[in-house]
Amino acid sequence: MASKPIRDLAKTIRSKNSGPFEITFDIIFDDTAIYQQVKESGVFTPEALCKLYGVGTDAIVAFMFFDPARAFKMTLKRSWAQGSVGERDTFGTQQHAPLMDFLVPLP
């Protein structure tokens, strides 16, 4: 079984603020068949993505596939408050980078 990074399968991979204490991650697909393959692969688990971001599963606020939009959404509690001293990404727009290389097995 071959694997591909999610960046080669999704149309959009992004992160953004979901308030001053949360960051939301969206992965959106333009192809229904690929979306279904990714969803059914079983690799998008709370444990796998929390490991990717170095947080515990207690950091998860939302974790879901949303079929009408062919999308996956995850919201995590921020490790730091937006705008706090040492802030490295005020708008949360650079936090999706680790997802780009996340491997998905495909048939």
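Please treat every number below as a calculation from the coordinates, not as lab data. In this text, all values refer to a predicted model and were calculated from it rather than measured experimentally. Positions of Cβ are generated from backbone atoms using ideal geometry, with glycine treated the same way; all protein chains shown enter the neighbour counts.
Annotations for the structure displayed:
- Between 0 and 90 degrees, the angle of helix 32-41 with respect to the longest Cα principal axis of the chain falls at about 80 degrees.
- Note on M100 and T12: the model spin-label points, each 7 Å out from Cα along the C-beta direction, lie 1.8 nm apart.
- Computed from label points 7 Å out along Cα-Cβ, the spacing between F91 and L52 is 2.2 nm.
- Placing +1 on each Lys and Arg Cβ and -1 on each Asp and Glu Cβ, with no other charges, gives segment 6-57 a dipole about its Cα centre of roughly 140 debye.
- Ellipsoid semi-axes in whole angstrom, largest first, where each is sqrt(5λ) of the Cα gyration tensor of the chain: 25, 13, 12
- With helices as the sole contributors, the chain gives -5500 deg cm²/dmol at 222 nm; each DSSP H run of n ≥ 4 counts as -39500 (n - 2.57), and the sum is divided by every residue.
- Selection of GluC sites (Glu not before Pro), segment 40-107, meeting DSSP coil and at most 16 other Cβ within 10 Å: E87
- Normalised contact order of segment 2-98, rounded percent, pairs of Cα under 8 Å and 6 or more residues apart: 35
- Counting only lysines at least 8 places from K4 when in the same chain, those with an alpha carbon closer than 24 Å to its own are K39, K51, K73.
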